[in-house]
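Student: Pasting a structure below so you can have a look.
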Amino acid sequence: MWERITDILYFNEAHPLLFTQGEFWLFLLVVMCIFSLIHSRIAMRNAFLFGMSIFFYYKTSGIFTLALLSAIVVSYFIGIAIEKANNKGWQKLWLTLGIVYSLSLLCYFKYAYFFADVFTQLSGNTFSIVEQILLPVGISFYTFQCISYLMDIYRGRIHYVSSILDFGFYVSFFPQLVAGPIVRASDFVYQLHQPFALSRRWFGIAVFWILNGLTKKIILSDYIAVNFIDRVFANPTLYDGFENLLALFGYSLQVYADFSGYTDIAIGVALMMGFYLPKNFNAPYKAINAPQFWKRWHISLSRWLQDYLYIPMGGNRNATFASYAVIIVMGVIAMMLTRNVWVAIIIMLIAAICAICMLLKPEWKKAITTNINATNTMLLGGLWHGASWNFVIWGGLNGIGMIIYKLWHPMSRWTRVLVISLLTALSYYASVAIPHALWNIAAIWLGITALGTAISSIWRSAGAKEINWLYQAWQITQTFVFITFTRLFFRAGSNLNPEEANEQAWNTATSMIEQIGAHWQPQLIPEILAQHIGIVYLIIMGMIIHWIGDRTKRRYRIIFASMPLWLMAIATIFIVMTLYQFVTTDMQKFIYFQF
């Protein structure tokens, strides 16, 4: 009996508290039972939920709870200092101290290996100056929340929270603590003193979101990952090009189902306690271009980066010192690490072209500086995800994709045909002159894009009636393929210890590119599909559900929420029993726990 109690109360690194475990739902049941007795007494409610949130975090991170508590205490007192400061200078000083502390905490735990690796490469040392630093779960999320709190006080959007228990509750609220969404202070602080309110309909909506998130996580994420995707990414050279490509597209579904599934559960659990968390996903794979994708994917992070990074750097107005500093530092470090003169030449060439364009065409200055700021934001957004160059490459590719769209969009249809045809020809020539799998992939993708662009242009020029749905489907497909390809670098850098992330992630990414671009056995495709038919069906089903219209989804969500309680209970039991059939032997952590 005592052993069972200690298992419940103490942290077990091998078995952290997860939404997909029965222990979490027992924990939530206890929380809701006590919450139902004190929900009308706001101060007591907030203090209780703060205590339960700290306990929840302790069960996921152990001793690292001290890092969370230190972030709460420091940000709380600095928030007071900012608002009570006599002038803007003192406010800016306190704000700077708060941000430096938060980022120092984040950088120490998250990027020590990254910077140590850079130092080792630059100095030529063969030893690592950092032997072992573990990463606290969710540190990026609560650090960004603390920064948003201080920034919102500085900007006059909110007043400081008078009670440290209330503030601690905001930072550590357990449904979204370890994997978001990132809740900005201005979106949540006002809820701290609102009385509890939950209608019968909203209770049904909360249950729906929880079941929806569990379904995404257990069936569309864990099952296809354990039974196919993880195996391919672990040993890409053991599988042919088609299997690698199938795993890559499957991963796009997996990471969406995993992360949005967590968010759905978090929103549902918070709603049961009368708190509203922001929407974090809006059918991102319906996006028709890269910029639109980032307005639909991880919305809370995209908005945070826009408000607290992109706009302070100058946004679409002008470039600041920070704009140039970030791009130069990232470029120089990349050049040093690769020890390749071509990297230096490319960086200098791009810088020279940008400088010449701004001198010769002053009207282009705004567009160029805007793209510099956007690229910096995506590079830093990539680095936020992890201490690996693969995340930086992933962020950089997304930034390039957004810039290409901005250049592509205003072109006339025949200019587009000409440009994409030239790029196709160049990539085909490169694949012949300098044989490499990457050139093969580029030639095929650009060739398909050129063909689609030409057909669309001829169709419109002939005066034929435009088929909007077909054209939109084409745009969605192109965007989805691009986003999926960038995910190769994202997935390769995930699920790795910082010590081995850079080299192993790069080897995985390059091996998969080699397989996809060069090693295909078309005669085996029917056999491969038959072998993985269950996984293929799940991937297809997941994407079809994703592409269902918002109105239809809203309708069946309301139908579920409007059921009589007895019928909702039966439906819930049936869904849980179905999910149990898909539960893997090894319970999978949420992907974004490591970020």
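Student: Rounded to the nearest 0.05, what FRET efficiency do Gln475 and Phe55 have when you use their Cβ-Cβ distance and R0 = 60 Å? Could you put the intermediate results ahead of the total?
Tutor: Details: r = 47 Å, r/R0 = 0.79.
In this case the efficiency is close to 0.80.
Student: Taking the Cα-to-Cβ direction at Gln531 and at Ile575 and moving 7 Å from each Cα, how far apart do the two end points lie in nm?
Tutor: A separation of 3.6 nm, rounded to one decimal place.
Student: Then there is this: Arrange the residues Ser431, Ser162 by how much accessible surface each exposes, largest first, with a 1.4 angstrom probe. Before the final figure, lay out the partial values.
Tutor: On the way: Ser431 20, Ser162 85 Å².
Per-residue accessible area, sorted high to low, gives Ser162, Ser431.
Student: Return the FRET efficiency for the residue pair Ser562, Ala352: r is the Cβ-Cβ distance, R0 is 41 Å, and the value is rounded to the nearest 0.05. Don't jump to the answer; show the numbers that get you there.
Tutor: On the way: r = 63 Å, r/R0 = 1.54.
Between Ser562 and Ala352 the formula returns 0.05.
Student: Taking 0.36 nm per residue of separation and subtracting the Cα-Cα distance, what length does fully extending Trp414 through Arg200 add? Please report the intermediate quantities before stating the final value.
Tutor: Numbers: separation 214, 0.36 × 214 = 77.04 nm, distance 5.66 nm.
So the extension gain works out to 71.4 nm.
Student: Same structure again: Keeping all protein chains in the complex and leaving out DNA, RNA and ligands, what accessible area do you get for Met44 with a 1.4 Å probe, in Å² to the nearest 10?
Tutor: Number for this one is 90 Å².
Student: Rounded to whole Å, give me the distance from the Cα center of region 368-412 to that of region 31-80.
Tutor: 37 Å
Student: Next question, about the same structure. Identify all lysines with a Cα-Cα distance to Lys366 below 26 Å; exclude those on the same chain that are fewer than 8 residues away in sequence.
Tutor: Lys295, Lys406
Student: Show Trp209, Trp364, Trp94 ordered by accessible area, largest first, where the area counts protein heavy atoms only and the probe is 1.4 Å.
Tutor: Working: Trp209 55, Trp364 120, Trp94 90 Å².
From most exposed to least exposed: Trp364, Trp94, Trp209.
Student: When only alpha-carbon atoms count, how far does region 352-450 stretch along each of its three principal axes, as whole angstroms with the largest first?
Tutor: Computed over region 352-450, the largest-to-smallest principal extents equal 38, 35, 24 Å.
Student: Same structure, new question: Among residues other than Arg303 whose Cβ falls under 15 Å from its Cβ, what is the net charge (Lys/Arg +1, Asp/Glu -1)?
Tutor: Values: positive: Arg155, Arg157, Arg184, Lys279, Lys295, Arg296; negative: Asp152, Asp187, Asp307.
Counting the neighbours of Arg303, the net charge comes to +3.
Student: I've got another one for you. Any idea how far the Cα center of region 268-303 sits from the one of region 160-177, in Å?
Tutor: So the two Cα centres are separated by 22 Å.
The values are calculated or read from the model by the stated rules, or taken from the named source; none is laboratory data. Keep in mind it's a predicted model, so treat the numbers as computed, not measured. With ideal geometry, Cβ positions are generated from the backbone for all residues, glycine too; neighbour counts draw on all protein chains shown. These accessible areas exclude ligands, DNA and RNA; they are computed on the full protein's heavy atoms, side chains included. Shrake-Rupley method; radii C 1.70, N 1.55, O 1.52, S 1.80 Å.
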